[in-house]
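Novice: Attaching a single structure in structure tokens format; questions to follow.
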Amino acid sequence: MRGRRRRLDLVLDLIIDHGHISVEDLVTELGVSPATVRRDLDALADQQLVIRSHGGASANPDARSLPMRYRASRNAEQKERIAARAVDLVQPGSVIGLNGGTTTTSVAHELASRQEFRDAERPTVLVTNAVNIAQELAVRRHLQLVVTGGVVRESSYELVGSWAEQLLAQIRIDTMFVGINAINAIDGASTHDEAEANISARLIDRSTRVVVVADSSKVGADAFARIGPVESIDELVTDDAADPEALAALREAGVTVHLVEGAGQKR
């Protein structure tokens, strides 16, 4: 079952990356039979994640923001390295913010496991609007958890709405780690959902330092709803497969870029 789940994740990744892919191409890519590929495509179509066509499948344009469980495995190695580098940038005992997303969830894992944070004299304050991050960190004694409140978005586990905004108006964050769907020097940081973008923007407004954490597939891309202009971003942590021209433009706009080793895989 686990092997099939991983294969389905890979099939979904390939369809998202290419827009459309044929059964024949998937057979070559995965090394499985055409019958297995067809069953996998049917399973993804049943979940409305792809649209079946004769001889293949296409990305579902209505599934702009896939549930996190289907996105967590994408570029997982890069995200772990990005998270490790990101945590190097902050000090124990500070106030750290995390919005929702797979890369910020990796940052949360890193914060939970780092010995220097466990050994600190005072706890690190963690502000988040992501219920999955809150659930994992609630039992960590070295982290003081602040959850925004709000209405849960099922695709990202993020809390959105006026209740979240009311709490954020009363706090201040030292370093905010922002997960995004796209970043470029013209539009800044953006995501697929306007409600999530609004809360992320409020988190940025309440932060002294803003660090975008994103794998290379997000760099140079664009998305529907803007989180904030490039001027609101202080730093970017990404992997070295990111588009060099997009990185150069971000640096020219004043963003400090931290690169980690990728997994040899471009988008």
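Novice: Please list 211-220, 244-253 highest first by mean number of surrounding beta-carbon atoms within 10 Å per residue.
Specialist: By packing density, highest mean first, the sequence is 211-220, 244-253.
Novice: Could you sort 188-196, 227-235 so that the peptide with the highest average Cβ count within 10 Å comes first and the rest follow in order?
Specialist: Top to bottom by mean Cβ count within 10 Å: 188-196, 227-235.
Novice: State the label only: which of (i) 58, 41, 36; (ii) 50, 44, 36; (iii) 55, 41, 33 corresponds to Cα extents along the principal axes in Å computed from the shown model?
Specialist: (i)
Novice: Stretched out fully, how many nm does the piece from Thr28 to His258 gain, at 0.36 nm a residue minus the Cα gap?
Specialist: 79.2 nm
Novice: Let me ask something else about it. How charged is the neighbourhood of Arg172? Take every other residue with its Cβ under 14 Å from the Cβ of Arg172, and add Lys/Arg as +1 and Asp/Glu as -1.
Specialist: Residues close to Arg172 contribute a combined charge of +1.
Novice: Okay, next question. Going by average Cβ neighbours within 10 Å, how do the peptides 108-114, 171-177 rank, with the highest at the top?
Specialist: Taking the mean over residues of other Cβ atoms within 10 Å, the ranking is 171-177, 108-114.
Novice: Tell me what the chain gives for mean residue ellipticity at 222 nm when only DSSP H runs of n ≥ 4 count, each as -39,500 (n - 2.57), the sum divided by the residue total, rounded to 500 deg cm²/dmol.
Specialist: About -11500 deg cm²/dmol.
Novice: What percent does the relative contact order of the range 159-210 come to when contacts are Cα pairs within less than 8 Å and at least six residues apart?
Specialist: 51 percent
Novice: On to the next question. Quick check: the distance between the Cα centres of the range 189-267 and the range 101-128, to the nearest angstrom?
Specialist: 21 Å
Taken together, the values in this text are just the output of simple stated rules run on the coordinates, not laboratory data. Since the model is a prediction, treat every value here as computed from it, not as a measurement. Glycine gets a Cβ as well: all are built from the backbone with ideal geometry, and neighbour counts include every protein chain shown.
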